[in-house]
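Below is one structure; the comments refer to it alone.
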Amino acid sequence: MTATLEVTDLRKQFSIGRPAIDGVSFGVPAGEIVVLLGPSGCGKTTTLRCVAGLEHPTGGEISISGRVVSSPASGILVPPRSRDLGMVFQSYAVWPHMTVRQNVIYPLKHRKVRRTDAARMVEEALALVGLSDYADRPVVALSGGQMQRVALARSMVYRPQLLLLDEPLSNLDAKLRLRLRDDLRVILKQTGMTALYVTHDQAEAVVLGDRIGVMRDGKLLQMDTPDVIYNRPADLFVANFTGATNELAGTLVTCNGRYGVVDFGDGRQGEVALCQTLKPDEKVRIALRPENIAIGRPDGANTFSAKVLDRRYQGTQTAYGIELFGKRLEAIELGTAARHQVGVEAQVALPRECLWAYRDSGPASHD
Ligand code: ATP
């Protein structure tokens, strides 16, 4: 049986500093993978540790499958071992003096599962993580990626209702990381387990999550499908953190439903997508992904003249610096053809659905 998880108005204040978690609420339906994404210090690990019972919240409520496991107001704090969950951490946390099988069977011995059942459950867990042929190897003879698979098998072997994963891929080299990232989603979906996964890596979040929650300063800014987070960020920080690294400034001239017209300050105007409820005359900041800038491909009303400042090859893509509205913007084109010459003026199209306008509420949102 897989769990549902309900986190309501969660708060955690350590003895010093601002609140590590400042009123976070979300739900995870059975069998869903939710990824908490955010920069270092945003409170994602503390949230996960509160769900695990390793950290004691200051306020709010946590329920697993309808059972309240934490509620400071009601004096409820169920210990971690009674929450029926598995955990995988950044460090592999395997016992080096044991074989793969001994590592994976360990939690079953602890839980007094019958030997024949335990042997079968270990085989199943090892098959799931692709380590059936390695059962009798000492763990120290494995690669980092394989050790993390052992840790994963060990956390799943007793079939917990809920799996919590805290940056489990961070210690792996780039190639292993990508492989295990892709495998992990397949493995989790095969088990049907509910999972809460913490990372600061947006590519990992997009691949793994059914939904992604973006956190900043102890708050959950947006939780939605990767598609919505990526293509319709509700917040300027979310847009930035998920790769919309260009930012323009302007003043709204008119609003018309989902779109508006912005004056960019140099007399030029263009259409933008409104990501919040905004009014004419409001100052706005506009987020734009480098890959959504089309150099040399004029396309209707949102086409502007810009100067190509520089060009850099980046393997399968080419990055350009361009000057537009008095700002330097980054643009990316797939391929390595030197299509645009440095120093020339080019016509640049910015599709209105890719220009996301937000209220200008002060300090920069770049982290
Ligand atoms: P990282 O990716 O670096 O682990 P994170 O987003 O997971 O970051 P947390 O580890 O949850 O962030 O930390 C959130 C805030 O709480 C930070 O400001 C951190 O300094 C603080 N914090 C975390 N643990 C403690 C602790 N034991 N005592 C005091 N402050 C803490």
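The values are calculated or read from the model by the stated rules, or taken from the named source; none is laboratory data. It should be emphasised that the depicted structure is a prediction, and the values quoted were computed from it without experimental measurement. All Cβ positions, glycine included, derive from the backbone under ideal geometry; neighbour counts span all protein chains shown.
Numbers below:
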read-out	value
Members of region 110-143 found to be in a helix (DSSP H, G or I) and more than 35 Å from the chain's Cα centre (by Cα), listed by number	Arg115, Thr116, Asp117, Ala119
Some residue of region 319-326 being touching a strand residue (DSSP E or B) at 6+ places or on another chain (Cβ under 6 Å), over 26 Å from Val238 (Cβ atoms) and either among the small types (Gly, Ala, Ser) or surrounded by fewer than 18 Cβ atoms within 10 Å (Cβ to Cβ) (or both)	yes
Conditions (1) buried (at least 23 other Cβ atoms within 10 Å of the Cβ); (2) more than 16 Å from the ligand (Cβ to nearest atom); (3) without any contact (Cβ under 8 Å) to a residue 40 or more places away in the chain: number failed by Tyr230	(1)
Scan of region 72-105 for residues that are over 30 Å from His200 (Cβ atoms) and either part of a loop (DSSP other than H, G, I, E, B) or not β-branched (Val, Ile, Thr) (or both), ordered by number	Ala73, Ser74, Gly75, Ser82, His97, Met98, Arg101, Gln102
Matching entry among Arg181, Arg216, Arg211 (being modelled with pLDDT under 95 and under 13 Å from the mean Cα position of the chain (by Cα))	Arg181
Some residue of region 252-269 being within 19 Å of Arg328 (Cα to Cα), aliphatic (A, V, I, L, M) and more than 16 Å from the ligand (Cβ to nearest atom)	yes
Enumerated strands (runs of 3 or more DSSP E) restricted to region 291-367, each holding at least 3 residues that are out of contact with any helix residue (DSSP H, G or I) (no Cβ under 9 Å at 6 or more places or on another chain)	303-314, 317-324, 345-349
Number of positions in region 9-35 that are surrounded by 13 or more Cβ atoms within 10 Å (Cβ to Cβ), at negative phi and either not hydrophobic (A, V, I, L, M, F, W, C) or not assigned by TED's automatic domain parsing to the domain that holds Pro57 (or both)	9
Any hit, region 187-201, residues being assigned to a helix (DSSP H, G or I) and within 13 Å of the chain's Cα centre (by Cα)	no
Contacts under 6 angstrom Cβ, first residue in region 188-205 being more than 18 Å from Ser155 (Cα to Cα) and in the same structural domain as Ala151 (by TED's automatic domain parsing), partner buried (at least 17 other Cβ atoms within 10 Å of the Cβ) and at pLDDT below 95, 6 or more apart	Thr199/Glu167; Gln202/Thr242; Glu204/Arg181
Residue within region 293-316 that is surrounded by 13 or more Cβ atoms within 10 Å (Cβ to Cβ), closer than 13 Å to Leu350 by Cβ, hydroxyl-bearing (Ser, Thr, Tyr) and in the same structural domain as Gln269 (by TED's automatic domain parsing) present	yes
Residue among Gly60, Gly17, Gly27, Gly23 that alone is within 16 Å of the ligand (Cβ to nearest atom), without any contact (Cβ under 8 Å) to a residue 40 or more places away in the chain and not in a helix (DSSP H, G or I)	Gly17
Some residue of region 83-95 being within 11 Å of the ligand (Cβ to nearest atom) and at pLDDT 95 or above	no
Residues of region 30-50 that turn out to be β-branched (Val, Ile, Thr) and more than 12 Å from the ligand (Cβ to nearest atom), as a count	3
